[in-house]
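These notes concern the structure reproduced below.
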Amino acid sequence: MKHALKKLMTPNGKPKYLFFGGKGGVGKTSVSTATAVWFADHGYSTTIVSTDPTVSLSTMFHQEIPGDNLVPIEQVSNLCGLNINPTDAKGVFQSRLNNLMGQMGGILGGDAISTPCAEEMATFDQFVGFLENPKSQVIVFDTAPTGKTLRELAMPFDWAGYMEKQIREGKELAILMKMDESSLESLKRDKERYENALAVLRDPVDTIFSLVLLPERLPVEETQSAMTGLDKLGIPVQALVVNQTIETHVIEGNRFLAARAQLQSGYQTEIDQRFASLERARLPLLDHDISSLSSLREVGEFLYGTKERG
C-alpha cells in the first residue's frame, strides 16, 4: 500500500501538488510535514505551505516560519516553508484588491473585504501563486480543517464571477463606482488567474488531494462530507491516511487498548468498504509525540517506505 501511495505522489517530470485535508485534530500537520521531509530527504526540491491559522508548522520545525516569504527549513536540505496567516494574508489581499479597484473610491472595497469569507478569499489568493509559479518539484499543502478549506477553495471563484457579472451587467453600479475598461480588464485577469488555479486543483495527475482521518465515527462521516464538497468543485480525492490505529502487538493484555482496537477495527472495515476506490494508508498510534525530525522521518517511512541511505 505504501508503494502505491508513493507512486501516486511522486513527481514525474512536472511539479506535484500534494494537499492534506480533514477534520481538525486528526493529524494533518504531522502527515503533511512528514511527507514534505520524506520527499526532501529523497532529493526532491520541496515546499510546505500551511493555510491553517495556527502556528503548528513553526512548532513542528522548531523555527519561525513567516507568512510573507519562503524560508529554508534549517535542518532539512531541499525544504522550504511558508505559514500563511489568514489575518496577514487578508492585509496582502486588501492591498492588492485596493490596487485592482483603485477607481472604486472605496465604495465597495471595504465591504468586500469585511465579508465573513474575506480571510478564506485572502488565503487562497496568496497560495494561488504556488499553483501559478511552482517554486519546487513537490509542493505540500497543510490545509485548515475541512469546512474552512472548502470555503477557501470555493469562495474566490464565486467572488470573481459575481464581481465581473455586476460590473458587466450592472451599468448603474459601474457608473457609481466610476470604473473604466482597464479596471474591468484587471478583474478579468484576476478571474482567469483563479480559474487557472482551479484547473490545477482539478488535475488528477499533477494534484493529489488526500484526507486524513481517525478510525472513529465523526472523522469517517466528515471525510465523506469533504469528498462530497470537493467533488462539487470538481476536485477528486485520491487517497486516505488513517491515523492513530492501534496495532495488535502493542495491546499486551491491556483491556482498554483491546476495546479501542476492536472499535477501530469495525471502522477500518467500514473505511475499506466505503472508500474502496481510494488509495489508503494506515499510521499506527505511537507512544511518543510527533514533534521532532526523527519522528517525522519515522512517519514518512510508515507512509512511503524506508529511506535509502548511501
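The values are calculated or read from the model by the stated rules, or taken from the named source; none is laboratory data. Quick caveat: nothing in here was measured; it's all calculated off a predicted structure. Cβ placement follows ideal geometry from the backbone for every residue including glycine, while neighbour counts extend to all protein chains displayed.
Some points to look at:
- Selection count where residues are within 21 Å of residue 224 (Cα to Cα) and touching a Gly at 6+ places or on another chain (Cβ under 6 Å), scope the stretch 1-48: 1
- Scanning the stretch 240-262 for residues that are modelled with pLDDT of 95 or more, of a type in the set (Val, Ile, Thr), assigned to a helix (DSSP H, G or I) and within 21 Å of residue 33 (Cβ to Cβ) turns up nothing.
- Test: residue 219 is surrounded by 20 or more Cβ atoms within 10 Å (Cβ to Cβ), on the phi < 0 side of the Ramachandran plot and out of contact with any helix residue (DSSP H, G or I) (no Cβ under 6 Å at 6 or more places or on another chain): yes
- Residue match in the stretch 60-70 (condition: assigned to a loop (DSSP other than H, G, I, E, B), on the phi < 0 side of the Ramachandran plot and at pLDDT 95 or above): no
- Scanning the stretch 198-226 for residues that are under 22 Å from residue 6 (Cβ atoms) and outside any loop (DSSP other than H, G, I, E, B) yields a count of 10.
- Matching residues, the stretch 17-51, being part of a loop (DSSP other than H, G, I, E, B) and either more than 18 Å from residue 131 (Cβ to Cβ) or among the aromatic types (Phe, Trp, Tyr) (or both): 22, 23, 24, 25, 26, 27, 42, 43, 44
- Check on residue 296, part of a helix (DSSP H, G or I), in contact with a strand residue (DSSP E or B) (Cβ under 9 Å, 6 or more places away or on another chain), touching a residue at least 60 places away in the same chain (Cβ under 8 Å) and surrounded by 13 or more Cβ atoms within 10 Å (Cβ to Cβ): no
- Members of the stretch 199-217 that are under 16 Å from the mean Cα position of the chain (by Cα) and among the charged types (D, E, K, R): 202, 203, 206
- Any hit, the stretch 83-95, residues being in a helix (DSSP H, G or I), at pLDDT 90 or above and among the small types (Gly, Ala, Ser): no
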